[in-house]
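The values are calculated or read from the model by the stated rules, or taken from the named source; none is laboratory data. What you see is a predicted model; the values in this text were computed from it and never measured. Cβ placement follows ideal geometry from the backbone for every residue including glycine, while neighbour counts extend to all protein chains displayed.
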Amino acid sequence: MKSGSLLVLLVAAVPQYAPVAVPAELRPALQRAEDAVRAAACEAERKFGEGDPDLNAARCADAKKVAGVEVGRTSARLRNPRNSPPAWAREYVLATDGRKAAAVAPLVFDLGDRVGLLSPIEIRQRCLGCHAAQDSLSPATRAWLRSAYPKDRALGYALGDLRGFWWAEASKKDRQAE
């Protein structure tokens, strides 16, 4: 290539769907992704404990990890840099930052041999103990966050804000059926 010439890369757009509009051939993988996110969210509920215990117990009673499905949390404003969004999710994660969670829809991505899912995480009252404006946190919490997460960007949220997303990647081929 001559110096001064431009290299142009064409990137095919990844097909995206609302969960209710997913083509039939993606639905089994989407179901596994949704089940995996539900199990991870229920584990977080048990760990951080918020909400109606009876409702949570009913919703989480049969939630269990799903083999072969990767799941995690991410955000545009990271606390832990290991939670960076997967490449396929980055654009949507960044585009939705600063919105209320109720205004952000889940989104499904056709990743070729896999299906990706982004499911919004809403800031609740309990979350504000560590994710509110820095000046409203207790001095002990501020000190702990500074030492544990020196590059913390996960502050300044209010009740109902979009904190980030649960993400999951499920193979289109059900590995448990093999």
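A few notes on this one:
- Residue within the stretch 137-153 that is under 18 Å from the mean Cα position of the chain (by Cα) and surrounded by 12 or more Cβ atoms within 10 Å (Cβ to Cβ) present: yes
- Within the stretch 17-49, being crowded, with 16+ Cβ neighbours inside 10 Å, more than 14 Å from SER171 (Cβ to Cβ) and without any contact (Cβ under 8 Å) to a residue 40 or more places away in the chain holds for ARG38, ALA39, CYS42, GLU45.
- Among the residues of the stretch 120-136, the ones that are closer than 10 Å to GLY160 by Cα and charged (D, E, K, R) come to 2 in all.
- First in the stretch 78-95 and under 12 Å from ARG153 (Cα atoms) and touching a residue at least 60 places away in the same chain (Cβ under 8 Å), second anywhere and aromatic (Phe, Trp, Tyr) and surrounded by fewer than 17 Cβ atoms within 10 Å (Cβ to Cβ), Cβ under 8 Å, 6 or more apart: ARG79/TYR149; ASN80/TYR149
- ALA158 being of a type in the set (Gly, Ala, Ser) and either touching a residue at least 24 places away in the same chain (Cβ under 8 Å) or surrounded by 12 or more Cβ atoms within 10 Å (Cβ to Cβ) (or both): yes
- Qualifying position, being closer than 18 Å to CYS130 by Cβ and surrounded by 15 or more Cβ atoms within 10 Å (Cβ to Cβ), among ARG77, ARG82: ARG77
- Qualifying residues in the stretch 97-136 (those that are polar (S, T, N, Q) and either in contact (Cβ under 8 Å) with a residue 24 or more places away in the chain or farther than 18 Å from ALA158 by Cβ (or both)) - the one surrounded by the fewest Cβ atoms within 10 Å (Cβ to Cβ): GLN125
- Positions within the stretch 22-50 being part of a helix (DSSP H, G or I), at pLDDT 95 or above, over 15 Å from VAL66 (Cα atoms) and under 20 Å from the mean Cα position of the chain (by Cα), in sequence order: LEU26, ARG27
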